[in-house]
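Q: Before I ask anything, let me first share the structure, which is written out below as structure tokens.
The values are calculated or read from the model by the stated rules, or taken from the named source; none is laboratory data. Since the structure is predicted, the reported quantities are computational estimates derived from the model, not experimental observations. Here the Cβ positions follow ideal geometry from the backbone for every residue, glycine too, while neighbour counts run over all protein chains shown. Ligands, DNA and RNA are stripped out before the accessible areas are found, and what is left, the full protein with its side chains, is counted by its heavy atoms. Shrake-Rupley method; radii C 1.70, N 1.55, O 1.52, S 1.80 Å.
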Amino acid sequence: MFKKLALASALALAVVSTQSYAADAAPAAKTQAPATIAVVNLRLIMAELPQAKEVGDALQKEFGPRADEIKRIQDQGAKLEADLQKAQGDKAVEIQRKLASLKADFDLKSQALQEDSQKKQREAESKIGKLVQSAIDRIAKERGIDLVIRGESVVFASDAVDISRDVIEKASKLKLKSEVKKEAAKSAK
């Protein structure tokens, strides 16, 4: 019985304390200005940002020749497979060996291309991401925005809170760290 009485007293005290705290906090909450929220569409920004297009072009220039070489190897393999269908005896064995060698070369080169291009793309995306984040930070500070949300996760947002175009404009004026451009240009040579 004593335990139930003590538990009831503690519960009543907690409820009264919470109500008292809420009443004290209410006037403070009313004096704060409402939070300003903005939305950005990163896909749009990355698609239209000039620096992202430049880096994409540089990566294409750097890795395009290697991709073309892999395509040529694929074409050679298809031709050899067609020849193998018609070949017999020693000629068939010779073509099978060439195919095996070509496949090994293809696998090695395509894996190397994939790894290298993914690494460079991640580096470039990181640098462009920092540039975009810097533009978002500057716009938020200039306009007194308290919270910026990615538009992909928002169910509805009016055009008035979408700052994507402003981010593109601001980020376009910022300099992308030249290392990305230099590395891509150097690799292309």
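Q: Give me the residue from the range 115-124 that is surrounded by 14 or more Cβ atoms within 10 Å (Cβ to Cβ) and out of contact with any Leu (no Cβ under 9 Å at 6 or more places or on another chain) and, out of that set, farthest from S172 (Cα to Cα).
A: Among them, the one singled out is D116.
Q: Also, I was wondering about something else. Suppose we keep only residues that are among the small types (G, A, S) and under 30 Å from L174 (Cα atoms) within the range 54-106. Which one would you say is least open to solvent (accessible area, probe 1.4 Å)?
A: So the residue we want is G64.
Q: A further question on this structure: Determine, yes or no, whether A38 is in contact with a Lys or Arg (Cβ under 8 Å, 6 or more places away or on another chain), farther than 30 Å from V154 by Cβ and at pLDDT 50 or above.
A: Taking the combined requirement at face value, the residue does not satisfy it.
Q: Also, I was wondering about something else. Does K109 satisfy being touching a Lys or Arg at 6+ places or on another chain (Cβ under 9 Å) and open to solvent by 40 Å² or more (accessible area, probe 1.4 Å)?
A: Against the criterion (touching a Lys or Arg at 6+ places or on another chain (Cβ under 9 Å) and open to solvent by 40 Å² or more (accessible area, probe 1.4 Å)), K109 qualifies.
Q: Cβ-Cβ distance below 8 Å, separation of 6 or more or different chains: which pairs start in the range 35-54 with a residue that is farther than 15 Å from V161 by Cβ and end on one that is of a type in the set (S, T, Y) and surrounded by fewer than 17 Cβ atoms within 10 Å (Cβ to Cβ)?
A: Note: pairs meeting the criteria are L49/S172; P50/S172; Q51/S172.
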